[in-house]
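Written below as structure tokens is the structure these notes are about.
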Amino acid sequence: MNTAYDVKKKIESLEIQHPRFADLYEALNDRIQDALKGDAARIEWVVGPSRVGKSMLINTLSRSYPETRVSGKRHVPVLTVPISPNISPKLLPASVLLGLGLPVPPRSITSGVLGDRIRDQLRLAHTRVVIFEEASHLVEPGARVAPRAAGDWFKSLADDLNMTLILFGVPRLARLFEANEQLRLRASTRKEFRPYDMRDRTDQQCFASCVGAYANLFKNSGWSIDVAFKDLILHCYLLSGGVIGVVSRFMQELASQMRRKRERVITLEDCRGAVRNVEGVNHPKFSAFYEEEVSAAALHSVHAHVLEMNGMGLPKHEKVGSAT
């Protein structure tokens with residue numbers, strides 16, 4: 001086994017923070033701080049395409065407020081609760097117990113008793129903030145919980161315990177708030193975690209820095225990528241439309257394909273082989289690592305394609321930088 005596997009593991013663990021990441025972290029961290037001081041409950045929601053960095057943001061917030069023990073008692077100030085696809089009406093509230101590491105109660109338990117148990121356990125854990133991961137599963141086609149009922153449950157949880165809730169998901173999460181005016185009126189306006197936009201000069205530089213960080217992991221392990229850095233950036237953008245998680249997946253696949261080869265330079269053909277095993281943007285007109293030249297129009301087109309697929313509008317920029 002050569003060093004390529006080590007490169008793959010390093011790529012998997014590498015956290016590269018989008019410029020928007022710091023803004024969102026600061027805003028949400030302020031809300032958490034307010035909640036820990038006993039301020040009025042808030043309902044926040046963050047949307048963005050899959051693999052844009054939402055999970056990394058959740059993990060960073062959670063790590064900032066780890067579980068502790070005070071005088072032998074458990075303190076979970078910030079609790080993260082994943083919401084699974086096709087979750088049932090009873091498992092939605094029970095997911096809070098799972099998040100606390102507690103057993104799911106028997107099916108025979110009534111919703112009222114279950115609600116009381118959840119509230120008691122949150123009080124015992126001194127939980128002031130609950131982060132719901134993948135909350136948009138509640139509004140997917142075929143969801144088993146009616147959006148209005150789900151909204152009522154979130155509203156009740158926040159009101160009864162004066163607890164701040166932070167919901168994460170893809171942009172269809174908006175349907176949850178559209179279906180329940182009381183939840184909507186209690187919530188802040190939506191926060192968006194957007195992919196890198198090549199029309200923005202800062203995003204250009206940060207995206208290039210991300211690609212460079214991955215390329216350096218290869219180079220430092222004896223696997224230089226024999227593609228001009230400028231072209232590597234542009235083709236990674238064609239593949240991802242600015243969603244850095246897709247670039248990470250491509251780089252992992254590239255390393256994986258090298259693990260049984262002798263150490264050498266990585267060629268354009270190697271990149272093409274890796275792309276064939278990666279689910280990218282799939283723009284109908286542009287293919288990463290196959291286009292002879294990548295124009296600014298192509299970059300903008302794939303970015304717009306990502307936003308359109310995710311129900312996000314294209315933002316307006318007062319200052320537009322060059323494409324490279």
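Taken together, the values in this text are just the output of simple stated rules run on the coordinates, not laboratory data. Keep in mind the model is a prediction, meaning the values are calculated, not measured. Every residue, glycine as well, gets a Cβ built from its backbone with ideal geometry; the counts of neighbours run over all protein chains shown.
Where does the chain land at 222 nm, in deg cm²/dmol rounded to the nearest 500, when only DSSP H runs of n ≥ 4 count, each adding -39500 (n - 2.57), divided by all residues? Please report the intermediate quantities before stating the final value.
Numbers: 13 runs with 156 residues, N = 324.
Calculated from helices alone, the mean residue ellipticity at 222 nm is -15000 deg cm²/dmol.
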For a quick check: with amide H placed at 1.01 Å from N, whose amide H comes under 5 Å from Phe132's, ignoring anything fewer than 5 positions away on the same chain? Val81, Ile166, Leu167, Phe168
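Please go through the residue pairs Lys230/Lys285; Lys37/Lys90; Lys90/Lys191 and name each one whose alpha carbons sit more than 25 Å apart in this structure. List each step's numbers first, then the result.
Values: Lys230/Lys285 21 Å; Lys37/Lys90 31 Å; Lys90/Lys191 29 Å.
As for pairs spanning more than 25 Å Cα to Cα, those are Lys37/Lys90; Lys90/Lys191.
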Nearest 10 degrees is fine. How inclined is helix 229-240 to the longest principal axis of the chain, computing both from alpha carbons? 40
Taking the alpha-carbon distance from Lys9 and a cut-off under 21 Å, which lysines remain once sequence neighbours fewer than 8 residues away in the same chain are dropped? Lys54, Lys219, Lys261
For labels at Glu12 and Met309 in the simple 7 Å Cα→Cβ model, what's the distance in nm? 2.4
Glu279 versus Ser64, label points 7 Å from Cα toward the beta carbon: distance in nm? 3.1
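Over the chain, what number does the Rg to Rh ratio reach, with both radii from the alpha-carbon atoms and Rh per Kirkwood? Could you put the intermediate results ahead of the total?
Working: Rg = 22.1 Å, Rh = 21.6 Å.
We get a ratio of 1.02 for the chain.
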Give me the Debye-computed log₁₀ of I(q)/I(0) at q = 0.30 Å⁻¹ for the range 242-282, equal point scatterers on Cα only, no solvent, two decimals. -1.09
Modelled FRET efficiency - R0 41 Å, Ser55 with Glu292, Cβ distances, 0.05 increments: 0.70
Compute the long axis of helix 19-36 from its Cα atoms, compare it with the longest principal axis of the Cα atoms of the chain, and write down the angle in degrees, 0 to 90, nearest 10. 10
Got a sec? Charge dipole of the range 19-192, +1 on Cβ for Lys and Arg, -1 for Asp and Glu; which of Ser62, Val81, Leu100 is way out at the positive end? Leu100
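How fast does the range 19-192 diffuse by Stokes-Einstein, in µm²/s, taking the Kirkwood radius from C-alpha pairs at 37 °C and 0.692 mPa s?
Working: Rh = 16.3 Å.
Estimated diffusion coefficient is 202 µm²/s.
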Please report how far the C-alpha centroid of the range 2-77 lies from that of the range 142-174, rounded to the nearest whole angstrom. 19
In square nanometres, what is one fourth of the surface area of the convex hull spanned by the alpha carbons of the range 171-324? 10.8
Nitroxide proxy distance, nm - points 7 Å out along Cα→Cβ at Ala22 and Thr110: 5.4
Mean separation of Cα contacts under 8 Å, 6 or more apart, over the residue count of the chain: relative contact order %: 24
How tilted is helix 201-219 with respect to the longest principal axis of the chain? Cα atoms for both, answer in degrees (0 to 90, nearest 10). 70
Apply the Karplus parameterisation 6.51 cos²θ - 1.76 cosθ + 1.60, with θ equal to phi minus 60°, to every residue of the range 151-163 and state each ³J(HN,Hα) to the nearest whole Hz, in sequence, with x for glycine and proline. x, 4, 5, 4, 4, 5, 4, 5, 6, 5, 10, 6, 10
